[in-house]
Amino acid sequence: MTIAAAPPATGQAVLARAAAADRRRRQSERAVLWAGTAAFGAAILLFWQFGLGHIVNPRYVSDPATIAGRIVELAAEGEILRHVGVTIGEAATGFVIGSVLGLASAFGLAQTRRGYAVFEPFLVGFYSIPKIALAPLFILWFGLGTAPKIIMAALLVYFVVFVNTATGIREVRPGLLQVCRVLGASRRDLLLKVTLPSAAPAIVASVRITVTRAIEGALLSEFVASTQGLGYLVARASREFDIATVFAGIVIIAAVVMAANGLLRVLQARLAPWHNGQVHG
């Protein structure tokens, strides 16, 4: 009696098994990564809770349990939502203004070498000024309201967007532009079909870093002088020597920034999955 040989596996079946094995490998790697991250985070919290007090005076460092309790109290009092809403509103407005101005000036100047060469020394000089030195001036000029916070956030966003967009535009090869002109491309065609696609990776990459910078700018002004916002919450607690509230505010700020970065990662993965570029910060 002869036994019929098993039919050879088709190419599609082989590819399907390989894809399944690759998915299992990636899932295993993610599980190991998450487990390692969780273990390291738990070790830090345990040391902070039970060990740090033996090294640092507990009067100056609050423990995680006390910080968590203070965050719950602030949430129950409605403080967190109020201050987070103010800071996010200031940062979002500054982000939009700084991004629009940065894109407009970059496209206006970077396409002419002389214009960019004239503007660049002033840009570098102004960018080198510590922004903390400008916050008191903005508060003196515009008061304690939201205006100085928005201006500071817009300022930090503007420089990053301008530099990265101008770099992307100036990296377009002159030969490519010349060939397009010979083939009859108009200035509008060069801008929309050559220059803009070339600068797109830098623009997309700068979005994530500028969101963090916008929050940083709003907080910076709130630390100096304000009556509301997360920066005000931390600064007020510091003046009152309320260490638990200071650390609670810092944890809330970190959570807001991490949430914003996480949201931007998801949006970037959906809107620009091809991009993995670098930015100048």
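The values are calculated or read from the model by the stated rules, or taken from the named source; none is laboratory data. Keep in mind the model is a prediction, meaning the values are calculated, not measured. Positions of Cβ are backbone-derived with ideal geometry, glycine not excepted, and every protein chain shown enters the neighbour counts. Heads up: the accessible areas ignore ligands, DNA and RNA and are worked out on the full protein's heavy atoms, side chains in. Shrake-Rupley method; radii C 1.70, N 1.55, O 1.52, S 1.80 Å.
Reported to the nearest whole Å, the Cα centre-to-centre distance from segment 18-63 to segment 205-258 is 24. Overall shape: prolate for segment 67-135, with the ratio a/c of the largest to smallest alpha carbon gyration tensor axis at 1.5 or above and a/b above b/c.
Placing a pseudo-label 7 Å from each Cα along the Cα-to-Cβ vector at Ala18 and Trp34 gives an inter-label distance of 2.8 nm. A simple spin-label model places the labels of Leu46 and Val118 6.5 nm from each other, with each point 7 Å out along Cα-to-Cβ. Applying a DSSP loop filter and a limit of 14 other Cβ atoms within 10 Å to the chymotrypsin sites (Phe, Trp or Tyr not before Pro) in segment 53-108 leaves Tyr60. With the simple model of a label 7 Å out from the Cα in the direction of the Cβ, Ala259 to Phe142 spans 2.4 nm.
Order Lys149, Lys131 by their accessible area, 1.4 angstrom probe, all chains in place, largest first. Spell out each step's value before the answer.
Working: Lys149 0, Lys131 25 Å².
Descending accessible area places them as Lys131, Lys149.
Can you classify segment 106-147 as rounded, prolate or oblate using the Cα gyration tensor, where a ≥ b ≥ c are the square roots of its eigenvalues, rounded means a/c under 1.5, and otherwise it's prolate if a/b beats b/c and oblate if not? Prolate, since a/c reaches 1.5 and a/b exceeds b/c.
Of the peptides 236-242, 40-46, 205-211, how do they stack up when ordered by the mean number of other Cβ atoms within 10 Å, highest first? Write out the running numbers ahead of the final one.
Numbers: 236-242: 13.3, 40-46: 10.9, 205-211: 21.9.
Ranked by mean Cβ neighbours within 10 Å, highest first: 205-211, 236-242, 40-46.
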